[in-house]
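Notes to accompany the following structure.
The values are calculated or read from the model by the stated rules, or taken from the named source; none is laboratory data. Since the model is a prediction, treat every value here as computed from it, not as a measurement. All Cβ positions, even for glycine, are placed from backbone atoms using ideal geometry, and neighbour counts span all protein chains on display.
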Amino acid sequence: MIPTAIKLSRSAATVARTAKLGPSIRSPLFRLVHGGINGSNANPVALQMINYALSHARSQKSDESYAQGLLVLEQCLSTQTSEGQDSAGDNSRGMVLLAMSTLSSERGNFDEAMEKLQKVQDLTSSSFGVRVAALEALVGLHLELEQDDTSSVLADKCLELLVKNEPESNGGDFINARARAVKGLVELVHGNAASAESFFQGLKDNRAITGSTALSYGEFLHATQNFSLAKDVYQNAIQGGSKNEELGNSNALAAWNMSSEEVSLGAMCALGQLEAHLGNFADAEEILTKALTITEERFGSHHPRVGVVLTCIVLMFRRKAMLEHSSALLIQEGLYRRAIELLKAPPLDTEGTEANVDRSDIVALARGGYAEVLCVQQNRKDQGEKAKGWAEAAWRNRRMSLAEALDISNTSSAVPIIDARISRALRMQQLREELDQAYRYAM
């Protein structure tokens, strides 16, 4: 490891010297994770070193390559000016910390990722966009870890920045909408549709919204059954990375599950589910298959993110089979088993594991659906009942029961929406009813 570290150090130093010769075009990889930063508000040497570290870490998708990428970022951080001295220095430090949090998250080291994001808040001279990006990513991480109360507190803190600070004039509206949208997402996860709507107000006629704002708003529209507009907004989220860059400043920064690439994948999964909810199964399969391919290319074929996308796909096939009164048990069983394996679900015979499973919404949906496949086979019914009991015990979503989430006997509104970026399930029917009740009460 020591010789490798020396080699990486020399490579990083070469990158730094190259950067000093003049600006270069940033690679697509860097833009996808940290779009919108240019040399006017961050150190160009830091940009080059971040890009190198991200590229190297993902080149082999191994623990070693990620550790080496983080080593380069540590060196980059040590070369920046001290905290609070100037805006460019703090912006550069903030960008390095955002990149470190992204790499840590991709390997499942969420505690380390959150530690890096929290340090960004100490950079008092950093831009508003840098601090919003860190808070937004913290909200996303806590939602993914099902720490909803903490996510709500952090989303409120993000909104407080709007009051205490005036966003940069170039892209200020974008960052305002983004800070409000992350609070809207929290309310959506909590099942508070009426409250979520208040944070998405004003976005309906703004076709330029992209990134995490677009995905969260699209999910709100999807959940409240405005399918046509939801489809348009999802497509904006898929295509939105290049638009964010036009801002040319720190307002477009993002990390981990709020980064442009994660948002694009999440929007693909959401759009595929929407097409399935509408009965357009050919389109749904095409979109979700594309999302699966991209996810495997980015994370490798054994990453839990692949299991989340596979769960979206198998639930689409399940819905198709039920509505068309056809049988696809072999396809479903194979996909369920693969998804459960990739999601790292504990074995059924391990007692007490249901309460501590990660991504409980997705794991329970996958294992609950798998239980259905087993239960219709007489010789495997006992195994199916055991899997069903485990899935019901693991299900912690308070907005709906697992039985409701898997019930599509009535209308499309009876099924959940999987937010692949945070690995959570949102329910459509309950949210629609809450809005109707709120409107009736207001009248």
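Brief remarks on what is shown
- Near pairs, Cβ below 7 angstrom, 6+ apart or cross-chain, from the stretch 261-286 (over 20 Å from residue 317 (Cβ atoms)) to any residue that is among the polar types (S, T, N, Q) and assigned to a helix (DSSP H, G or I): 263/212
- Across the stretch 191-241, the number of residues qualifying as among the aliphatic types (A, V, I, L, M), assigned to a loop (DSSP other than H, G, I, E, B) and surrounded by 24 or more Cβ atoms within 10 Å (Cβ to Cβ) comes to 1.
- Residue list for the stretch 137-166, restricted to those being more than 22 Å from residue 99 (Cβ to Cβ) and either assigned by TED's automatic domain parsing to the domain that holds residue 355 or at pLDDT below 90 (or both): 162, 163, 164, 165, 166
- Residue in the stretch 89-104 that is charged (D, E, K, R) and farther than 30 Å from residue 306 by Cβ present: yes
- Residue list for the stretch 52-86, restricted to those being under 23 Å from the mean Cα position of the chain (by Cα) and closer than 11 Å to residue 96 by Cα: 53, 54, 70, 73
- For residue 261: the one exception among (1) assigned by TED's automatic domain parsing to the domain that holds residue 376; (2) at pLDDT below 95: (1)
- A single member of 143, 77, 123 is buried (at least 23 other Cβ atoms within 10 Å of the Cβ) and either in a loop (DSSP other than H, G, I, E, B) or of a type outside the set (Gly, Ala, Ser) (or both), and it is 143.
- Here residue 348 clears all of (1) in a loop (DSSP other than H, G, I, E, B); (2) of a type in the set (A, V, I, L, M); (3) over 27 Å from residue 145 (Cα atoms) except the condition numbered (3).
- Residue 281 vs. criteria buried (at least 24 other Cβ atoms within 10 Å of the Cβ), at pLDDT 95 or above and touching an Asp or Glu at 6+ places or on another chain (Cβ under 9 Å): no
- Of all the criteria given as (1) in a helix (DSSP H, G or I); (2) modelled with pLDDT of 80 or more, the one not satisfied by residue 244 is (2).
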